[in-house]
1. Hey, can you tell me all the residues within region 1-37 that are among the hydrophobic types (A, V, I, L, M, F, W, C) and open to solvent by 40 Å² or more (accessible area, probe 1.4 Å)?
2. Hey, residue 121 hits all of (1) crowded, with 24+ Cβ neighbours inside 10 Å; (2) over 27 Å from residue 75 (Cα atoms); (3) touching a residue at least 60 places away in the same chain (Cβ under 8 Å) but one; which does it fall short on?
3. Picking from 417, 428, which residue would you name as being open to solvent by less than 30 Å² (accessible area, probe 1.4 Å), more than 25 Å from residue 144 (Cβ to Cβ) and either at pLDDT 95 or above or within 14 Å of the ligand (Cβ to nearest atom) (or both)?
4. Taking the options 324, 285, name whichever one is acidic (Asp, Glu) and open to solvent by less than 30 Å² (accessible area, probe 1.4 Å).
5. Failed condition for residue 137, given (1) open to solvent by 10 Å² or more (accessible area, probe 1.4 Å); (2) more than 19 Å from the chain's Cα centre (by Cα); (3) of a type outside the set (Ser, Thr, Tyr), with all others met?
6. For region 503-542, which residues satisfy the criterion of being of a type in the set (Val, Ile, Thr) and open to solvent by less than 30 Å² (accessible area, probe 1.4 Å)?
7. Show me the strands (runs of 3 or more DSSP E) found entirely inside region 2-110 where at least 1 residues are of a type outside the set (A, V, I, L, M, F, W, C) and over 30 Å from residue 478 (Cβ atoms).
8. Determine, yes or no, whether residue 365 is in contact (Cβ under 8 Å) with a residue 40 or more places away in the chain, over 19 Å from residue 539 (Cβ atoms) and either open to solvent by 30 Å² or more (accessible area, probe 1.4 Å) or away from the ligand (no atom under 13 Å from the Cβ) (or both).
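The values are calculated or read from the model by the stated rules, or taken from the named source; none is laboratory data. Everything numeric in this text was worked out from a predicted model, so none of it was measured. In this analysis, Cβ positions are derived from the backbone assuming ideal geometry, glycine residues included, and neighbour counts consider all displayed protein chains. Side chains are part of the model used for accessible areas, which takes the heavy atoms of the whole protein and leaves out ligands, DNA and RNA. Shrake-Rupley method; radii C 1.70, N 1.55, O 1.52, S 1.80 Å.
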Amino acid sequence: MNNKITTLGGYIHEYQKSVSDPPAFWSTIAESFYWRKRFDKVLEWDFHKPEIKWFLNGKLNITENIFERNLFERQNQPAIIWEPNNPKDKEKVYTYGELYEEVKLFANMLLSKGIRKGDRVVIYLPMIPDLTIAMLACARIGAIHSVIFAGFSVQAVADRVKDAGAKMIITADSVYRGKKKTELKNIIDEALDNCDCESVKEVLVVKNTGEKVNFVEDRDIWLEDAKKGISADNRAEEMDSEDPLFILYTSGSTGKPKGLVHTTAGYMVFTSFSFKNIFQYSDGDVFFCTADIGWITGHSYIVYGPLLAGATTIMFEGSPTYPDAGRLWDIVDKYKVNQFYTAPTAIRALMGYGQKPFEGKALGSLKVLGTVGEPINEEAWHWYHDHVGKNRCPIVDTWWQTETGGIMISPLAGITPTKPSYATLPFPGIQPAILDKKGKEMNDNSVEGNLCIKYPWPGMARTVWGDHKRFKDTYFSTHKGYYFTGDGVKRDEDGYYRILGRVDDVINVSGHRLGTAEIENAINEHPLVVESAVVGYPHKVKGQGIYAFVFCQELSTGGIEGIKTSVRKGVDKIIGPIARPDEIRLVDGLPKTRSGKIMRRILRKIASGETDDFGDTTTLLDPDVVQRIIDNSCEKKYEVKEDKK
Ligand code: PRX
């Protein structure tokens, strides 16, 4: 059976089945996969502990479900189409048969280097085919991959490598995205110099640009040398359903990123099933997700979901505006893309270029459009619908998270009636709940509150790597017995869900998820900075921008602009340019309560340009500080001093 829902009635029927008897529902879907040994129980769970196990005692390998299961039909079908950064360079197409050979050879090479089941391999690669091949090769031998987004910089990389206890790092010499070069190998060198990551025994380097890099003896090796003489004969490692497949780091309210652990069978079943149904993928279609594989969207809907479903998936190395703002539409036309999936921030950025980039582009192959990562405003939704979809493609606004593994609330394309900026209805198997401030579940429509999920689903993360307590504290303690998402939500009179954004100290900047504490820690590294507070504010293109209030001991070195520039540079270096503050205001104090807690809601208001009605400020230690921040008096005072000199 192909597990595809094709009508609204079908959705309602499947949804009801999935809620009335979840194990029976998921068991039927899981049956269509290839198991070395079938699972003997579908689910065991307890959200209080928390402990979640799906498809217990099943034995399988996810790559056998991509390759061996699909090969008979798909040997010569393109699995990955890789489109390079520079349109003048040639694309690369890997059929399922070719990709299979590459993955097996890479897997054997990893084995030859002593990597074994359960070892962690960090992959710090740009959007080149070796990235996907390396991930699948790890999965083939049971090594746990942890991909680090290639836009992260030294400290962010070091923290992740250390936390994962990686035995090997796979990187590249350098990469161009648009015209911008990133020297990945140098960043790895610096990261390894700065952390005591003794676990790392080897660094494999892909020759990507061919530019010169330094090599550390007995540690670094070119990938092409490591692959010499290795055979492509490989039998996949047998994995338990609950064996970890990968770790992916994401930001939370506190400074340290969390390594979410996804396991084998549940993730496989959930990503594949959600991919087929939400995007209504049919055999022969070409699917294009513009995300980077360094984020969960790329893991689930460039790599695993599509490949498990036997789809053709595009991997794009470049940027939407290089060499011009018509690049994505060129790609759509070049490969006759049928499903296109991107982030609202990209849509808003492209809106700014008007109609010219569409000239000469047909876009006639498109059937489905998707968005993910942040709320989509109505204007962007309509622009996407009218100009990209030419009024004939349904939009799926897909809500989900790194933690959820796959899409949770979304229309099924062309099946669920949509409303602009609504993620609409839960996917089968997903049981959302809206809780009020007191933690009471609200069962009616037309309510607003915290978005929780009250029943497990196969794709959910099982723990935080090395810190199960943190998993419990972050997701299962705010509302006992529920998984708490960190998002606010509204359910309207029709039972449709609209995501309102984060209710914690996490911000979504251009669809990238960042913790304010992480950015503050990076800013505080600056020698003149005493402390700082970072908040999000509405930004026309990015959705949310980063606003940093920075308290410096003295402003004598470099002047105001000099300090702001060096603060930004510091953040670039420590986390990466994605976390660079859009706005910085130097202040002579932060609004703190008597117990020392920064009142962020005040700063959020100031950052959004609202200067009245701050609510109750009586608990502030120094209430005058609020007015001084509004008046920008610290910077003004300094400017006067400068003038007098
Ligand atoms: O706030 C929600 C927002 O992105 C957060 C999850 O970020 P991350 O783990 O990086 O995963 C992003 C890609 C799956 C959520 O808590 N978010 C994601 N999708 C939507 C969204 N907000 C509104 N609408 C969406 N469709």
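1. 1, 8, 12, 19, 24
2. Unmet condition: (3).
3. 428
4. 285
5. (1)
6. 506, 507, 509, 516, 519, 523, 529, 534, 535
7. Per the criteria, 78-83, 92-95.
8. yes
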